[in-house]
Amino acid sequence: MWRKHWCLALAVAVALSLPLVGVSQLADLPRSETLIMSILTGRVGTPGNFNEWVGWKWRDRGMQNLANEPLWSIDFATGEIVNGLAAGDPVYDSNFFHVEIPLREGVTWSDGTPFTADDVVFTVELLMDTPGFNNHAFFAENVELVYKLGDYRVGFDLKTANSRFHTTFLDRWGCTWIMPKHIFEDVEDPVTFEFDPFVGCGPYKLHSYDPAGYWTVWEKRDDWANSPTGILYGEPKPTYIVLQAFANEGAKIVAQLTHQLDGVDLSAEGLKAALAQGDTVRAYQLSFPWVVNNDPAITGFIFNTAKAPYDNPDVRWALTLAIDIVEYAGQAVDGMGTLSPVHIPSLGSYPANFIKPMEDWLEAFTLDLGNGETFQPYDPDAPAGVVAYARSRGYIVSDDPAAQEQAFGLGWFKYAPEAAAKLLEKNGFSQDAEGNWLLPDGTPWRIEVVSRSDTSHLEFKNASAAVQQWKQFGIDAVHVPTDAAATLTQNGDFDIAGNWPAQEPWGAGPDLYRTLNAWNSTYVRPIGELTNGNHSRWSSPEMDEVLADLRATDPADTAATIALGIEGLKIAFTEMPGTPTFGYIGFVTWDEYYWTNWPGAENSYIGPYAHWGTFKYMTPFLEPTGN
Amino acid sequence: MRFVRRYLLPRFIQYVLVIFLGITAVFFIPRFTPSDPVQRTIAELQSHGSYLDPGSIDEMVEDLREMYGLEGSMLEQYGAFWKRVFTGDFGVSFFQFPTPVMDLIRMSLPWTAGLLLWATLLSWIVGNLLGGLAGYYARSRWSRALDTVAMVVRPMPYYIFALSLLILFTYVVRLFPIAGGTDIGRKAAFNWKFIADVLRHAFLPALSMIVLGVATTFQTMKLIVQNVNAEDFVQYAKLGGVKERRIVSRYVIRNAMLPQITNLALALGQILSGALITEIVFSYPGLGSLLFNAIVTGDYNLIMGITALSILAITSAILLIDLVYPLFDPRVRLM
Amino acid sequence: MRVLRDLFEDYRFAFSFTVLCLLLILALLSAFSPYDPTFWWHATRDLIPSWTHFLGTNSKGQDVFWQATYAVRNSLIISVIAGTVSRVIAILVGMVAGYRGRLTDRVLMFVSDSFLVMPLFLIIVLLAMLVREHMNLVNLGLLLAFFGWAWDARVIRSQILSLREREFTQTAILSGTKTMRLVMKEYLPFATPLIFSTLINNMAWAIGMEITLAILGLSNMDIPTLGTMLQWAISYQALLLGWWWWLLTPIVLAIFLFVALYWLSVSISEYLDPRTRIQRVGAR
């Protein structure tokens, strides 16, 4: 009797649940016209607030990468600067107190209102006058007056000579955006204004968003031809674009394998998993090392140069020479990174403009080991070691020297533990009977390397690889992953940290001011106070001189700018306030089931990241497969 | 009167004291973490290589400190905090500035409450039913078989179980969606489509909780029923020829329910803290995900808001049980 | 010895006892490990189980088998520390409250109830975040112990309460036995079986919490435990990459450990409870 009841109950339950079953996750949008990408920065915390000028509003949920058009954008894939709302380069006068910017004609905001110089003037004046905006201080300190010189030309009178003033409008994952005057002028409090829906000059407009912050949907504007993207590149192909957040990487991978996610940023292991299991999944490069290696940032680690014994450049060099870069690169990223011996990544135009011209100087560079001995650390064959490692892991690497250079770099430092030992001994360090290193005062040397706690972040990978190398060298090194890493390094409460050894360069153009300025001595603060320059707290009068010279040089004067940049790099190299290891690598995978013609390494028409501002320029080139 | 003094009053005093102590603890603990929310925010703004002019960062720090309410000594902040709490205002979230904490909680609570409410109730009902019957027919084969199954399922680490379910039913056999509470682009509306959507997304998380919940409740109920079964009055009823159905329902199960009601109330009170892992594994947009995010980003106000509500819920649930229990169990009234 | 023999008649006790002994041997084996557990890259990565590496190697270049020995050892250490320290607290609180009664009892029970009522999980997570950098085995054990004693204190207290009313207590007091002596010598033997069974439950709970904290990324990832091993495997996508040996080792070990501890506690408490013991005998 019971049994009959059970069977009936089960049958009813199954019948009821049948209409619930099914996999698609799009409510009413046609999948073949929709592009689904993952948000890099995770779940949006302020879903209904699009006011990008105050605080942090998750600008990569579609704002910076689809709906907003800046004056200029950096495209690190082609090494060019793309004119967005600006019509060309800024024009400075000879003493850099005055600059004029030509603006593009024929552009309208996504609600139809034409874009003019009034919008730019309004934006700058509002930012100058209202505390509470992120960039208020910058404009208040730099701008004397802003005015329009016609409907499509803006002029600035600056308070101090600043040849790089215009870079505040140059988008490199963020910049000062232009507000639509016709919306903001009627707002009572622009700082708390939520700006929902977001209105911009990009080719997409806001369609809908999840109040819990997991997804944002953007729709192609009907008047896309009035956006700079449309004018420059043509009609964007996807009608709808969804930017979605996932709670963990496993979910992202499974989503892509079931064709519910077209493009995603993963970790190294995630990339391998996705490629292994997916038949329509491809990476940025079609073969090893697969990774996006033209992301303009150099990774490695920094020393706290305000704290002994890391205030001694010999000690910093010794720790650098104690690293076997082939093992290090293998442990950190399975050999997939591009090595660089200087504080900029080896990509785009940088090898040709900077690294190759420095090669003679690098090879001649000599360290004094004491006792009359010298040592030349530069090793142009280091990348070959990484190639050998990769082949031993079963990866296929081309023999073409140009391809190898592009993938693995031009050189690094020799693995020289004996030279490192001599450098240390020269400065009073010693080893005990078991080979453990002791500080000059006789106590055991313990290094704590701080990094953020995310195991897939390159800070973490660099820190843990460095710790393993130094352990082998005989130092009691320990890796301390913590969520408080940012606080600790800003306050100077660390020995060594996995932070990038230098501020990221622009990625396009010959100017290294952005990188070198982080070592400006005016930003250095004593330990215990927040420092806003590079967290290594290093500076030098020579570097300050180079910076002063750069400030007085027009960035359009390529030769002079590059020469000064090289000088700056040489100074940083000699002092080694942070050790550069390999360039930032991004693990991006694309699913070609619904969309193809992605900007892979073999077809690099624009930057590959969906979270960068240049994503909107990718949209006209993607092709639907018709599935 | 004596009843009130000896039974109700002490419990009420305890209720108030526990809430006070708990919320105080939750106020101070996050403030001892070494990570500073203001610097966190600045780091976030600077991450991905975007450039904040070093000169303007100092001013920004000042502004943020003020907006976050982090000025003044700990005690001043503590006093200000209590003043706000009585109006239900837990302040503004740091990481998701400027959204108020109560708004965030209000948005996430329905998801967690819905999911856990159903999962807890279902597992309680099914577990008690199976457990009751199994306890009564303790010697039968199916009862012992179920017991062994429960024995193996119950101690299984929940995370592993949930993860396996996820992979199994979203990838290996593609039946259910991977993440979220509803489909993308679906607007909340009271129609069949929306409800079916919500159910579809909630099925796996609920299943993972129900299976383990049933195993636990089953075992507890079985033990209780076995004990009650052995009591004299049940034996007497059997000898007296009372119908079996009547014995099972009115003699055995009714008495066995008492401790189970307590457990149910406790379980319901645990709702707010119980969903953390479930929501992380299934990307479910409830309080658990919110809390985890808050902890990882050092969002004091949000942590405090959620934990304070959790404490409130549990202590209130317990107080409620204590108040209602005398109605069920006459023995307490005689105290 | 007769007790042990009686216990072994229960298949659950036999199973769990054997499993626990095996796990203990595994833990002791860690002393003979040829590899330092905090070093990476001492073996080729991602190798399938073979004779040189019994359970293969993981993506960090470590031998999974020897890592597992350390993992079991560390997890057991954490749970033993958590279990014993919380027993000590529970016994002290329960006994004093049960024996003294009146105000002391009220206050102690209030404190204990407060611990029961708090969302312990959340508070433990918060505290773990706080001390993460200083988290080692002992600290984690102590942290868990601090929160694990409340329920059992109450249980012990009720036991003491019932013992207090018995005749032998009156006799002992009348003959001048000091309180401490009375409690330790007379009551403890009664309470011991109870304490033992709650100890096992608490150990299982501690291991569960440890795994949860590791999954949430809140423990020290350098120390190999069942939880951190699992977390490393997950973050290296072992499941989707097919490194089943790395993923299954901590999972299977954890399942066996939990089932063994649970069956042990159930069989012992059934043995102790006279009603169920008789039922067992009757059922055979």
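Observations, loosely collected:
- Checked against the criterion of being in contact with a helix residue (DSSP H, G or I) (Cβ under 8 Å, 6 or more places away or on another chain), over 21 Å from C:Ser112 (Cβ atoms) and in contact (Cβ under 8 Å) with a residue 40 or more places away in the chain, the candidates C:Leu144, C:Leu161, C:Leu137, C:Leu130 yield just one match: C:Leu137.
- Residue in region A:110-121 that is assigned to a helix (DSSP H, G or I), free of Cβ contacts under 8 Å to residues at least 24 places away in the same chain and not polar (S, T, N, Q) present: no
- Residue identified as at the interface with chain B (Cβ under 9 Å from one of its Cβ atoms) and over 23 Å from B:Thr182 (Cα atoms) among A:Thr176, A:Thr192: A:Thr192
- Close Cβ contacts (under 9 Å, 6 or more residues apart or on different chains) running from residues in region A:153-173 that are under 20 Å from A:Asp60 (Cα atoms) and within 14 Å of another protein chain (Cβ to nearest Cβ) to residues that are in a loop (DSSP other than H, G, I, E, B) and aliphatic (A, V, I, L, M) comprise A:Phe169/A:Leu71; A:Phe169/A:Leu85; A:Phe169/A:Ile178; A:Leu170/A:Leu71; A:Asp171/A:Leu71; A:Arg172/A:Ala508.
- Meets criteria (within 28 Å of A:Gly607 (Cα to Cα) and either surrounded by 22 or more Cβ atoms within 10 Å (Cβ to Cβ) or facing chain B (nearest Cβ under 8 Å) (or both)) for A:Leu488: no
- Hits in region A:220-251 - residues which are in contact with a Ser or Thr (Cβ under 8 Å, 6 or more places away or on another chain), at the interface with chain B (Cβ under 9 Å from one of its Cβ atoms) and not β-branched (Val, Ile, Thr): A:Tyr240, A:Gln244, A:Ala245, A:Phe246, A:Ala247, A:Asn248, A:Ala251
Matching residues to (1) farther than 20 Å from B:Gln14 by Cβ; (2) modelled with pLDDT under 85; (3) buried (at least 22 other Cβ atoms within 10 Å of the Cβ); (4) more than 13 Å from chain B (Cβ to nearest Cβ):
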| position | (1), (2), (3), (4) |
| --- | --- |
| C:Thr84 | yes, no, no, yes |
| C:Val107 | no, yes, no, no |
| C:Val111 | no, yes, no, no |
| C:Met135 | yes, yes, no, yes |
| C:Val138 | yes, no, no, yes |
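- Taken over region B:87-114, residues that are part of a helix (DSSP H, G or I) and not β-branched (Val, Ile, Thr) amount to 11.
- Residue list for region A:258-309, restricted to those being within 14 Å of chain C (Cβ to nearest Cβ) and under 21 Å from the mean Cα position of the chain (by Cα): A:Val264, A:Leu266, A:Ser267, A:Ala268, A:Glu269, A:Gly270, A:Leu271
- Restricting region A:506-522 to residues that are facing another protein chain (nearest Cβ under 9 Å) and touching a residue at least 12 places away in the same chain (Cβ under 8 Å) leaves a set whose member that is surrounded by the fewest Cβ atoms within 10 Å (Cβ to Cβ) is A:Asn520.
- Total residues in region A:581-627, condition outside any loop (DSSP other than H, G, I, E, B), of a type in the set (S, T, N, Q) and closer than 16 Å to A:Pro238 by Cα: 1
- Residue satisfying all of: in region A:343-363; in contact with a strand residue (DSSP E or B) (Cβ under 8 Å, 6 or more places away or on another chain) and surrounded by fewer than 24 Cβ atoms within 10 Å (Cβ to Cβ); farthest from A:Phe587 (Cα to Cα) among these: A:Glu363
- From the options A:Ile74, A:Ile81, A:Ile101, residue that is part of a strand (DSSP E or B), within 14 Å of chain B (Cβ to nearest Cβ) and either more than 30 Å from A:Asn603 (Cα to Cα) or among the aliphatic types (A, V, I, L, M) (or both): A:Ile74
- Subset tally (residues that are surrounded by 24 or more Cβ atoms within 10 Å (Cβ to Cβ) and within 12 Å of chain B (Cβ to nearest Cβ)) for region C:219-232: 3
- Hey, A:Asn534 touching a strand residue (DSSP E or B) at 6+ places or on another chain (Cβ under 9 Å), part of a loop (DSSP other than H, G, I, E, B), modelled with pLDDT under 90 and of a type outside the set (D, E, K, R) or not: yes
- Restricting region A:581-620 to residues that are farther than 22 Å from A:Val333 by Cα, of a type in the set (Val, Ile, Thr) and under 18 Å from the mean Cα position of the chain (by Cα), the residue that is surrounded by the most Cβ atoms within 10 Å (Cβ to Cβ) is A:Thr614.
- Selection from region A:196-209 of residues that are within 14 Å of chain B (Cβ to nearest Cβ) and over 27 Å from the mean Cα position of the chain (by Cα): A:Asp196, A:His207, A:Ser208
- Set A:Thr176, A:Thr160: member being assigned to a loop (DSSP other than H, G, I, E, B) and at pLDDT below 90: A:Thr160
- Of all residues in region B:154-179, those that are part of a loop (DSSP other than H, G, I, E, B) and either touching a residue at least 12 places away in the same chain (Cβ under 8 Å) or touching a strand residue (DSSP E or B) at 6+ places or on another chain (Cβ under 6 Å) (or both) total 6.
- Test result for A:Thr216, in a strand (DSSP E or B) and within 14 Å of another protein chain (Cβ to nearest Cβ): yes
- Test for A:Leu339: is it modelled with pLDDT of 90 or more and under 22 Å from A:Pro577 (Cβ atoms): yes
- Of the strands (runs of 3 or more DSSP E) that lie entirely inside region A:243-320, those containing 2 or more residues that are over 30 Å from A:Asn491 (Cβ atoms) span A:263-266, A:281-283.
- Residue in region B:165-183 that is aliphatic (A, V, I, L, M), farther than 29 Å from C:Pro250 by Cα and surrounded by 21 or more Cβ atoms within 10 Å (Cβ to Cβ) present: no
- Selection from region B:110-134 of residues that are modelled with pLDDT under 85, buried (at least 18 other Cβ atoms within 10 Å of the Cβ) and out of contact with any helix residue (DSSP H, G or I) (no Cβ under 6 Å at 6 or more places or on another chain): B:Leu133
- Segments classed as helices (runs of 4 or more DSSP H), wholly inside region B:192-287, with at least 1 members that are within 12 Å of another protein chain (Cβ to nearest Cβ) and small (Gly, Ala, Ser): B:192-229, B:254-269, B:271-274
The values are calculated or read from the model by the stated rules, or taken from the named source; none is laboratory data. From a predicted model like this one, the values you see are computed outputs, not experimental measurements. Quick reminder, even Gly has a Cβ in these numbers, built from the backbone with ideal geometry, and neighbours come from all protein chains shown.
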